[in-house]
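K.L.:
Below is a structure I'd like to ask you about.
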């Protein structure tokens, strides 16, 4: 069996991702579009929240993936830091805009959902505040990659930023456990028998979670391929300038 | 179109905004990929001619 480190070779990554990417895109498209259509058109209103419950199919998957994206960036950045594999640094760079967009979508849909249900667009509670700070970390991370000219230095500096930002990703996920306050309800488990989420809502939610998960993977693969090409382009242009 | 009752504006706003942002993300990713690939091909062809 091939070692995972083989994929640190850009050529190996490009050939493998070329095969994997169409399947990932297909699963992402079917699950995301199917889950959203299922949730929007074919689920009933909640007896307390009315039709606003349909926002769950966007809000929860994007919020989950926003945090997971940062943790994926952390792992890739640590691989860069320890083993100096360029592909892992480029994968972290490629994931950042995806995570930032997912965070923005989660913040936006959460505000629109919160206004009719909680009576406010925003509350400075631990979970929302740490999630907003995570979004700012995403913007800072992207800006740092753009601002630092040397890519290896940029990868080193963004790794440090990623490690620091992980604190807020973890706080955001476990804020209710840490402080037991805020507008969000306690974490719920799907399909545990005592769950307060009816299967009518849970199945399309699981479909959307799967879809957004695959969408993230597809976008990261696609964008990492772009970053590898961009790195080669810069190397060739640098060679031309020297010759 | 399902009947969204008194929450029509909120639900449509959430879906419209979220899908719009997703579209922007996809469009930006595809645009940057194509631009990079085009420029790389140009440089590689130029070097091949030398």
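The values are calculated or read from the model by the stated rules, or taken from the named source; none is laboratory data. Note that this is a predicted model, so its numbers are computed, not measured. Note: ideal-geometry Cβ built from the backbone for every residue, glycine included; neighbour counts use all protein chains shown.
K.L.:
Return yes or no: is residue B:38 more than 7 Å from every other protein chain (Cβ to nearest Cβ), touching a helix residue (DSSP H, G or I) at 6+ places or on another chain (Cβ under 9 Å) and either under 30 Å from residue A:45 (Cα atoms) or in a helix (DSSP H, G or I) (or both)?
P.N.:
Spelling it out, it is not the case that residue B:38 is more than 7 Å from every other protein chain (Cβ to nearest Cβ), touching a helix residue (DSSP H, G or I) at 6+ places or on another chain (Cβ under 9 Å) and either under 30 Å from residue A:45 (Cα atoms) or in a helix (DSSP H, G or I) (or both).
K.L.:
Identify the residue in region A:233-243 that is more than 7 Å from every other protein chain (Cβ to nearest Cβ) and touching a helix residue (DSSP H, G or I) at 6+ places or on another chain (Cβ under 9 Å) and, among all such residues, is nearest to residue A:18 (Cα to Cα).
P.N.:
Only one residue tops the list, namely A:234.
K.L.:
Now for a separate question. If residue A:120 satisfies every condition in (1) in a helix (DSSP H, G or I); (2) more than 10 Å from chain B (Cβ to nearest Cβ) but one, which is the exception?
P.N.:
(1)
K.L.:
Moving to a separate point now. Output the qualifying pairs, or none if there are none: Cβ atoms under 6 angstrom, residues six or more apart or on different chains, first residue in region A:210-232 and closer than 12 Å to residue A:21 by Cβ and within 7 Å of chain B (Cβ to nearest Cβ), second residue surrounded by 22 or more Cβ atoms within 10 Å (Cβ to Cβ) and at pLDDT 95 or above.
P.N.:
Pairs that qualify, where the first residue is closer than 12 Å to residue A:21 by Cβ and within 7 Å of chain B (Cβ to nearest Cβ) and the partner is surrounded by 22 or more Cβ atoms within 10 Å (Cβ to Cβ) and at pLDDT 95 or above, are A:219/A:98; A:223/A:94.
Quick grid of which residues meet (1) assigned to a helix (DSSP H, G or I); (2) within 17 Å of the chain's Cα centre (by Cα); (3) more than 28 Å from residue B:16 (Cα to Cα):
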{"position": "A:13", "(1), (2), (3)": "yes, no, yes"}
{"position": "A:17", "(1), (2), (3)": "yes, no, yes"}
{"position": "A:30", "(1), (2), (3)": "yes, no, no"}
{"position": "A:43", "(1), (2), (3)": "no, no, no"}
{"position": "A:55", "(1), (2), (3)": "yes, no, no"}
{"position": "A:58", "(1), (2), (3)": "yes, yes, no"}
{"position": "A:62", "(1), (2), (3)": "yes, yes, no"}
{"position": "A:78", "(1), (2), (3)": "yes, no, yes"}
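K.L.:
While we're here: Would you confirm whether or not region B:4-24 contains a residue that is at the interface with chain A (Cβ under 7 Å from one of its Cβ atoms), in contact with a strand residue (DSSP E or B) (Cβ under 9 Å, 6 or more places away or on another chain), surrounded by 12 or more Cβ atoms within 10 Å (Cβ to Cβ) and not in a helix (DSSP H, G or I)?
P.N.:
Yes, some residue in region B:4-24 is at the interface with chain A (Cβ under 7 Å from one of its Cβ atoms), in contact with a strand residue (DSSP E or B) (Cβ under 9 Å, 6 or more places away or on another chain), surrounded by 12 or more Cβ atoms within 10 Å (Cβ to Cβ) and not in a helix (DSSP H, G or I).
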